[in-house]
Amino acid sequence: MTYPPTPEDPSQAWQASPPPQQPYGQVPPQQPYGQMPPPPVGQPYPQQPYGYPVAPGYGAYPQAPTSNGMAVAALVCGLVGILIFQYVLGPLAIIFGAIGRKRANAGAPGAGMALAGLILGVVDLGVLVLAIIYISNHGGFVY
């Protein structure tokens, strides 16, 4: 007898033969690398720690803020306000600059940015006043 046996009926020759079975004595495939076998019934999976543990004697410490948001907002409003929207961005730069200076005096960084935003807010309002005076002395807006 030959393996696989030839069908008695030639019309059934197109049908695939069943898949071969594993020979006796061969072990089934193991778990892929990196995976743990399932725990016994009724026991939860063991918890894996995240990251590296902290070295003994060294605790984690909070980091100081790297910038003062109000100081940055004052500086941006002051710079953009020189070119456009002086009537809105000038007062905002002054307000944000004052709040940023108050926070900087309390220990936050950015005292220079807050001062620059405060000064630029005053300059913005000065440019607005000069523009209004110039326009009113030269006939106003011409449509």
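The values are calculated or read from the model by the stated rules, or taken from the named source; none is laboratory data. Being a predicted model, the structure only gives us computed values, none of them experimental. Please note: Cβ atoms are built from the backbone with ideal geometry, for glycine as well, and neighbour counts cover all protein chains shown.
Has region 115-127 got at least one residue that is exposed (fewer than 12 other Cβ atoms within 10 Å of the Cβ), of a type in the set (A, V, I, L, M), on the phi < 0 side of the Ramachandran plot and free of Cβ contacts under 8 Å to residues at least 24 places away in the same chain?
At the first step, the residues of region 115-127 found to be exposed (fewer than 12 other Cβ atoms within 10 Å of the Cβ) are none.
No, there is no match, as no residue in region 115-127 is exposed (fewer than 12 other Cβ atoms within 10 Å of the Cβ), of a type in the set (A, V, I, L, M), on the phi < 0 side of the Ramachandran plot and free of Cβ contacts under 8 Å to residues at least 24 places away in the same chain.
For Gly126, indicate whether it is under 29 Å from Gly140 (Cβ atoms) and at pLDDT below 95. If you could, list the steps in order and put the result at the bottom.
Working: under 29 Å from Gly140 (Cβ atoms): yes; at pLDDT below 95: yes.
Criteria met by Gly126.
If you check Val72 against the conditions, is it surrounded by 10 or more Cβ atoms within 10 Å (Cβ to Cβ), at pLDDT 90 or above, within 31 Å of the chain's Cα centre (by Cα) and among the aliphatic types (A, V, I, L, M)? Steps first, answer last, please.
On the way: surrounded by 10 or more Cβ atoms within 10 Å (Cβ to Cβ): yes; at pLDDT 90 or above: yes; within 31 Å of the chain's Cα centre (by Cα): yes; among the aliphatic types (A, V, I, L, M): yes.
Yes, satisfied.
Can you tell me how many residues within region 104-125 are part of a helix (DSSP H, G or I) and either farther than 9 Å from Ala71 by Cα or of a type in the set (A, V, I, L, M) (or both)? Outline the logic, then answer.
We begin by selecting, within region 104-125, every residue part of a helix (DSSP H, G or I); these are 104-105, 111-125.
Adding the requirement that they be either farther than 9 Å from Ala71 by Cα or of a type in the set (A, V, I, L, M) (or both) leaves 104-105, 111, 113-116, 118-125.
Matching residues across region 104-125 total 15.
Just for region 83-97: of the residues that are of a type in the set (A, V, I, L, M) and surrounded by 16 or more Cβ atoms within 10 Å (Cβ to Cβ), which one is nearest to Ile132 (Cα to Cα)? It would help to see each step written out before you state the result.
Here is the first cut: in region 83-97, the residues of a type in the set (A, V, I, L, M) are 83-84, 88-89, 92-95.
Imposing the further condition that a residue be surrounded by 16 or more Cβ atoms within 10 Å (Cβ to Cβ) reduces the set to 89, 92-95.
Values: Leu89: 16, Leu92: 19, Ala93: 20, Ile94: 20, Ile95: 22 Å.
Among those that are of a type in the set (A, V, I, L, M) and surrounded by 16 or more Cβ atoms within 10 Å (Cβ to Cβ), it is Leu89.
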